[in-house]
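Notes follow the structure.
The values are calculated or read from the model by the stated rules, or taken from the named source; none is laboratory data. Worth saying up front: this structure is predicted, and the values here are computed from it rather than measured. When we count neighbours, we look across all protein chains shown, and the Cβ atoms used for this are built from the backbone with ideal geometry, even at glycine.
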Amino acid sequence: MNKLITLTGDSGCGKTHLMRLLMKFYVDNVSIIKKYSDRGLRPGEENAIEIKPGCATADVKSMNYVYTGKNNKVYGFQKEDIDIAFQEGKSPIVIVDDEDLLVRLCREYESRICPIYMQRDVTDLDFIEELRKGRKN
């Protein structure tokens, strides 16, 4: 394929899961582009494959691709990492949670990008569980 794969979608929709599956089944063909962030480590991120938390804000802001998340934390990654993956004949994969940055990447990589928007599928059981959580009593 040899395209930049961007994964976008709401929290919990399976972006990291899909990234792990692609790495498992296409290990020789894909390369994960880690995002750096000034936020701290979240529970369960001890073995994170897509993010390096706890970086200095100034370092993250100096990267080629930078955005501020909904949590007001800064995320960034380097164009060089994408270029290295292409040079190795691999498809770079990155999670991008910012519409403006995604548009920029689409413009810069034109025919070499495969943007994937993921949406969480809400089943009846999910809906019932959400209703239960919202109850006051």
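If I ask for residues that are more than 15 Å from CYS13 (Cα to Cα) and either of a type in the set (A, V, I, L, M) or in a helix (DSSP H, G or I) (or both), which ones from the range 107-121 would you list?
Correct list: ARG107, GLU108, TYR109, GLU110, SER111, ARG112, ILE113.
Across the range 10-35, what is the total count of residues that are of a type in the set (Ser, Thr, Tyr) and either in contact with a Cys (Cβ under 7 Å, 6 or more places away or on another chain) or at pLDDT below 90 (or both)?
Within the range 10-35, the subset of a type in the set (Ser, Thr, Tyr) is 11, 16, 26, 31.
Of the ones still in play, those that are also either in contact with a Cys (Cβ under 7 Å, 6 or more places away or on another chain) or at pLDDT below 90 (or both) are 11, 16.
Residues in the range 10-35 being of a type in the set (Ser, Thr, Tyr) and either in contact with a Cys (Cβ under 7 Å, 6 or more places away or on another chain) or at pLDDT below 90 (or both): 2 in total.
Give the range 15-40 a look and list any residue that's over 18 Å from GLU99 (Cα atoms) and of a type in the set (Gly, Ala, Ser), or say none.
SER31, GLY40
Within the range 18-38, can one find any residue that is crowded, with 18+ Cβ neighbours inside 10 Å, without any contact (Cβ under 8 Å) to a residue 40 or more places away in the chain and among the charged types (D, E, K, R)?
yes
Quick grid of which residues meet (1) over 15 Å from the mean Cα position of the chain (by Cα); (2) over 16 Å from LEU105 (Cβ atoms); (3) modelled with pLDDT under 90:
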site	(1), (2), (3)
THR8	no, no, no
SER37	no, yes, no
GLU45	no, yes, yes
TYR75	no, no, no
GLU80	yes, no, no
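Could you check the range 1-17 and list, in sequence order, the residues that are surrounded by 15 or more Cβ atoms within 10 Å (Cβ to Cβ) and among the polar types (S, T, N, Q)? First the steps, then the outcome.
First, the residues of the range 1-17 that are surrounded by 15 or more Cβ atoms within 10 Å (Cβ to Cβ): 3-9, 13-16.
Of everything in the range 1-17, those that are surrounded by 15 or more Cβ atoms within 10 Å (Cβ to Cβ) and among the polar types (S, T, N, Q) turn out to be THR6, THR8, THR16.
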